[in-house]
Amino acid sequence: MSFFSLESFLAMMLGALYGALFGSLPGLTATLAISLFIPIAIFLDPTVAFSAIIGITATAIFAGDIGATAMRIPGTPASAAYTEEIHQIGKERSPAFALGISALSSALGSLVGVVILIGGSLGLAQVAKQFSSFEYFWLVLLGIVSGVFASPSMAKGLIAFGVGMLIATIGYDPALGTPRFNFGNPNLLGGISFIVALIAFFGVAEVLNNIYSYHKSHQPAEKPIPKRSVAQEFFGAGGRLVWKERRLLLRSSLLGTFIGFLPGAGSDLAAWISSNFTRLRRGSKEQVTLSGASSNNAAVAGTWIPALSLGIPGDTLTAIVLGMFLTMGITPGPDLFAKNLGFVVQLYMAFILASLLMMPLVGYLGAALISTLLRIPMRLLLGAVMGLCLVGAYAINRNPFDLYLLVVLGLLGLLMQRGGFPVGQLILGMVLGPLLEQYLMMSLIKTQWDLTAFFSRPVAVVLAVCNLLLIVGMLWLRGQRARPNNP
Amino acid sequence: MKRVFGILAVVAVLALTLVALGQRYPVRPITLIVPWSPGGSTDLTARSLAPVLGNILGQPVQVVNRTGGGGAIGHAAIAQGDPNGYTIGIITLEVVLPAWVNQTKINADAFTPIALLVLNPVAIVVRKDAPWKTAQEFIADIKANPGKYKASGTARAGSYDYARLGFLKKIGLKDAALPWVPAQGAAAALQELISGGINVAFVSIGEASALVKAGEARYLAFMTDRRFPAFPDVPTLKELGVDWTFASFLMAAAPKHTLPSVARQLDQAFAKAVQDPEFVRFMNNANLVINHLNFDQTKAFLAERNRAMAELADELK
């Protein structure tokens, strides 16, 4: 049986729809979608199983944008990097346009990633071998620096980032293994679940904010019913924008693939770094969305590079898929290309098919659905959104404690929103803070607190210089921009 | 005399009820709690075992992931379940690790161990271009240069850290002779190994197998009792005169005070389930080594591991 049989195609289609459902709902992640599928997959023919898995992975990350567009709740952490922007586009123009940008750039980003996966798996894997904890430290710092400067108000951005980092310190110390700030509560031993925080800061805070501001601006903000059809907005306007920004798209996709193929970095970091770079260059909302969406999907293909050629998973998703490979008697590594070349080639083809066909299809379905859904006034939807938030938060660990956490964090999110503190930076702190700490501690323990070791490897020096240039350059730019306003 | 008869009668009725209860078990679906997230080795084992177990017991077995707190939430859910046999779970090596036990207040005594299912033995892994060709050379080198080389595998005081500590203790060395660099798990440790950040990794055989097959890393020795079938050329530490074995384990367990008759019945069901050909095929492919022990052997195994780990706890201070 091959990847191009009717069964495989159907499996990919079903996988794509299933993945999209999991991806778009908060609390149901791509990882969960794959792991629930595995007990079924082991009894299927490998080509059918992998078609479905590729369908799931291809759409699950992209579909995170559907939740972000419709209700400002990112379905997956990778979409959190540009949730504000994509939601704004959906509100101001039309959800179909917002999802059109995201789906088409996701598809093309994924395509770029796959092309690199095909062309340079073995060579790039050698680059991954250059990355020890020092290099990761500088890379994560680059993500943080760009994120802090990307905030409109640097002080508020820094504070929000700090709050995020503080929240992330709850739980086991990543280096020494001692519990921190858990107040003797076993529920806090593992830290605050990142997904619960996402749902609280975006979803619950948004609902609360809507209730809070409803009386103030009583004018129901009658939505202009879009004159053009969903298809025109999605493919027409979305496609034109993507074509106009093709250079940005290519840049972001290359960056995304690069970050994706570094084991442990993954699509979240890719989306943050490339959307932040676009923000730094004062990009429009559309440009930020485009660069984020293309790079996180490029990163999905990128994570397969070390997985296929070295057997090191790039993220949890590929870790599960690697397990599947072994289960089916396929061992990753250079051998894979020698012994199972036919299988690998078909895998690549399936990947391309999934990007080009499934993403636009699922995106279009999502856009059509949302366009209908959003005709209902927001205040009637609030209850349903709140319910979705509660169910999503409970679904992750099936732990009632997470529901209390949801309320507390939701209130914090509301306060921050009212005070003008960027939620994006807070989430950035939660994602990158622990990584920074972990690589810092690992490096320090490894070298017995020898700080010069951070500059002793070539790639580390290059990344350190990038950080320095970014800081100096951005401070200079801010100075330049501030001058004409205050002569 | 009447009183004696009365007491005897009550005891007899109680005993009969217990027998009857035991015979009627199970009459409704059983929940199998997995304390780790979907997709991991514990989850994969539970999910492939559940349907087989359900067929044998005649009632569906439902797998529930209770994650969080570094495994504390799920283990607590098993320990605090009703001891009626309808809440069981899979417990892991953590329950005998002193650091974990201190933090979570959950120890091996909180459970009725039923059957050991899987052992994931640990290997000593080095980079392909490492100076040591054999484990003996490696041991001699760290004895000659204590503190020069760095090891990793997981967090400080995590499972593989104990594998290293036990190994060091048996060759007569202390914690500082081969310092531990904390990593966020085996994949991160292996990335450090091949990028030159550390010199040796202590991870399970399966976790490193892809890298070894790709020629990027080598196994020096396994911490097993016997040679490992998939890699017959790699010696065990025992062969080299180092009396140390270490494996993370998956064990079926019920809450404490579960009726012995129910526990026995579950024991028999697990014994039959691990021989199911589909399950065996799946586990082989997934590089998970089925290592079944019955009720009594499992209890002894858990007690022995508990003692061995407690002895190592002093070394950490």
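Some points to look at:
- Accessible area (Å², per residue) of the range A:1-50, counting only protein heavy atoms and a probe of 1.4 Å: 41 Å²
- The fraction of accessible area contributed by carbon and sulfur in chain A is 70 percent, rounded to a whole number (1.4 Å probe; ligands and nucleic acids excluded).
- When accessible surface is computed with a 1.4 Å probe, chains B and A are found to bury approximately 3700 Å² between them, both chains counted.
- Radius, Kirkwood style, for the range B:121-222 when every pair of distinct Cα atoms is counted (Å): 13.2 Å
- Each residue of the range B:268-281 is assigned a 3J(HN,Hα), and the resulting list reads 5, 4, 5, 4, 6, 5, 6, 9, 4, x, 4, 5, 4, 4 Hz, derived from the Karplus form 6.51 cos²θ - 1.76 cosθ + 1.60 (θ = phi - 60°), x at Gly and Pro.
- Local net charge near residue A:275, Cβ-Cβ under 14 Å (Lys/Arg +1, Asp/Glu -1): -1
- Accessible area per residue for the range B:121-222 is 29 Å², calculated with a 1.4 Å probe on protein heavy atoms, without ligands, DNA or RNA.
- Among the trypsin sites (Lys or Arg not before Pro) in the range A:279-367, those located in a DSSP loop and surrounded by at most 14 other Cβ atoms within 10 Å of their own Cβ are A:281, A:282.
- Translational diffusion coefficient (Stokes-Einstein; Kirkwood radius from C-alpha pairs) of chain B at 10 °C, 1.306 mPa s, in µm²/s: 76 µm²/s
- Mean sequence separation of contacting Cα pairs (under 8 Å, at least six apart), scaled by the length of chain B, corresponds to a relative contact order of 26 percent.
- With the convex hull constructed from alpha-carbon coordinates only, the protein assembly as shown shows a mean projected area of 39.1 nm² over all directions.
- Accessible area of residue B:301 in the full protein assembly, 1.4 Å probe (Å², nearest 10): 40 Å²
- Placing pseudo-labels 7 Å out from each Cα toward the beta carbon at residue A:244 and residue A:91 gives an inter-label distance of 2.2 nm.
- Between the range A:101-145 and the range A:263-331, the alpha-carbon center distance in angstrom: 7 Å
- Beyond 24 Å in Cα-Cα separation lie the following of the pairs A:129/B:238; A:244/A:285; A:91/A:285: A:129/B:238.
- Mean separation of Cα contacts under 8 Å (6+ apart) over length of the range B:121-222, as relative contact order %: 47 percent
- Protein-protein interface of the range A:129-144, residues with accessible area decrease of at least 40 Å², isolated chain reference, 1.4 Å probe: A:129
- Taking amide H positions as modeled 1.01 Å from N, with prolines and chain starts lacking one, the residues under 5 Å from residue A:173 and 5 or more places away or on another chain are A:178, A:180.
- Charge sum, other residues only, whose C-beta stays under 13 Å from residue A:421's C-beta, Lys/Arg counted +1 and Asp/Glu -1: +1
- Longest to shortest principal axis, alpha-carbon extents of the range A:250-393, angstrom: 58, 37, 29
- Counting only aspartates and glutamates at least 8 places from residue B:150 when in the same chain, those with an alpha carbon closer than 14 Å to its own are B:141, B:161, B:175, B:192.
- Of all complete DSSP H helices in chain A, those with a Cα span along the helix axis of 24 Å or greater and a mean Kyte-Doolittle hydropathy of -1.0 or more are A:6-24, A:46-71, A:95-128, A:133-150, A:285-309, A:378-397, A:401-418, A:423-446, A:458-485.
- For the range A:9-166, averaging the sequence separation of C-alpha pairs within contact (under 8 Å, six or more residues apart) and dividing by the residue count gives a relative contact order of 18 percent.
- The Cβ shell under 12 Å around residue B:151 holds other residues with a net charge of +2, Lys and Arg each +1, Asp and Glu each -1.
- Mean residue ellipticity, 222 nm, helices only, the protein assembly as shown: the sum of -39500 (n - 2.57) across DSSP H runs of n ≥ 4, divided by residue count and rounded to 500, is -20000 deg cm²/dmol.
- Ligands, DNA and RNA excluded, the heavy atoms of residue A:87 present near 20 Å² of accessible surface to a 1.4 Å solvent probe.
- Of the trypsin sites (Lys or Arg not before Pro) found in the range B:153-238, those that fall in a DSSP loop while having at most 12 other beta-carbon atoms within 10 Å are B:174, B:226.
The values are calculated or read from the model by the stated rules, or taken from the named source; none is laboratory data. Remember, predicted model here, so these are calculated numbers, not experimental data. As a convention, Cβ positions derive from the backbone with ideal geometry for all residues, glycine included, and neighbour counts pool all protein chains shown. Remember, those area values only see protein heavy atoms, side chains included, never the ligands or the DNA or RNA. Shrake-Rupley method; radii C 1.70, N 1.55, O 1.52, S 1.80 Å.
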